Amino acid sequence: MLGPAAQLDALGILAALGGVTATALGMILTKRWGRPAGVGPVAYAGWQLTAGGLVLLPLTLLLEGVPDTIDGGSVLGYVWLGSVGGLLAYTLWFRGIQLLPVIAPGLLALLSPVVATLLGTLVAGESFTPLQALGIALVLVALVVGQLTALRTPRRSPTPAREHSLPASQA
């Protein structure tokens, strides 16, 4: 885990940009395609998590390897992360993407690091620097401005496909 003295580096910035790009693309495609007919929200989230896990598995094995031992605490942590932190959270997340305007989930995703930072401060006794506090303030301002902008933007209804036929007078 990084502390307040951590510095920005090119690899971290590239990883963050890659993560944000993948998240944005996933939200746009989820909003556009929706959930397949006949697939429930839990099954849909489960398949999304399975696909993501299979993509990350080779990289994880390459960089982390297989753990030496797995104790009871590790199993309980995995069950918690897989059920509540994974399946339940993603079921609600994908449902929200389907119901909310496209801008809202992207802005709400910004709350994750804010909540993590505040919980780290309140629960784990961590501290953060004034620069990190400024970052939290900027995220909160971006959320408010983004939501206000979304409320003011008129919604366009989808236009039906038009036939390209000549008017009777030109036929």
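Summary of computed values
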quantity: Restricting the stretch 87-107 to residues that are open to solvent by less than 80 Å² (accessible area, probe 1.4 Å), assigned to a helix (DSSP H, G or I) and free of Cβ contacts under 8 Å to residues at least 40 places away in the same chain, the residue that is farthest from ARG35 (Cα to Cα); calculated: ALA89
quantity: Failed criterion for SER74 (all others in (1) over 24 Å from PHE94 (Cβ atoms); (2) open to solvent by 70 Å² or more (accessible area, probe 1.4 Å); (3) polar (S, T, N, Q) hold); calculated: (2)
quantity: Condition met for GLY65 (modelled with pLDDT of 80 or more and not in a helix (DSSP H, G or I)); calculated: yes
quantity: Criterion violated by VAL79 - all others in (1) of a type in the set (Val, Ile, Thr); (2) within 14 Å of the chain's Cα centre (by Cα); (3) open to solvent by 80 Å² or more (accessible area, probe 1.4 Å) satisfied; calculated: (2)
quantity: Search result, residues across the stretch 1-51 that are assigned to a loop (DSSP other than H, G, I, E, B), surrounded by 11 or more Cβ atoms within 10 Å (Cβ to Cβ) and aliphatic (A, V, I, L, M); calculated: ALA6, VAL39
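Yes/no per residue for (1) out of contact with any helix residue (DSSP H, G or I) (no Cβ under 6 Å at 6 or more places or on another chain); (2) open to solvent by less than 90 Å² (accessible area, probe 1.4 Å); (3) outside any helix (DSSP H, G or I):
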residue	(1), (2), (3)
ALA116	yes, yes, no
LEU119	yes, no, no
LEU122	yes, no, no
SER127	yes, yes, yes
ALA133	yes, yes, no
ILE136	no, yes, no
LEU140	yes, yes, no
LEU143	no, yes, no
LEU148	yes, yes, no
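The values are calculated or read from the model by the stated rules, or taken from the named source; none is laboratory data. Computed from a prediction, not measured in an experiment: that's the story for all the values here. Every residue, glycine as well, gets a Cβ built from its backbone with ideal geometry; the counts of neighbours run over all protein chains shown. Side chains included, ligands, DNA and RNA excluded: accessible areas come from the protein's heavy atoms. Shrake-Rupley method; radii C 1.70, N 1.55, O 1.52, S 1.80 Å.
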